[in-house]
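What follows is one structure encoded as structure tokens, with my remarks underneath.
The values are calculated or read from the model by the stated rules, or taken from the named source; none is laboratory data. Please read these numbers as outputs of a predicted model, since none were measured by experiment. Because the Cβ atoms are built from the backbone with ideal geometry, glycine has one as well, and the counts that use them run over all protein chains shown.
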Amino acid sequence: MAELKEGLKRYFAFYNEHRFNQSLRYRTLDEVYGSRFVHGQSLEEAA
């Protein structure tokens, strides 16, 4: 189970921080949305 969690953590980091998104004009999700949240902050806390 720990291996699965670590793998998902690495995948989500890649997906959000490094993968370019065509619909976001080839920016990463983190570039577009990341500045709105503090690391570990929930959506409710950011609102």
- Message: Please verify whether G7 is at pLDDT below 90, surrounded by 10 or more Cβ atoms within 10 Å (Cβ to Cβ), assigned to a helix (DSSP H, G or I) and out of contact with any Leu (no Cβ under 7 Å at 6 or more places or on another chain), treating the condition exactly as stated.
- Response: no
- Item | Output for the stretch 10-30, where each listed residue is surrounded by fewer than 11 Cβ atoms within 10 Å (Cβ to Cβ), part of a helix (DSSP H, G or I) and among the charged types (D, E, K, R) | R10
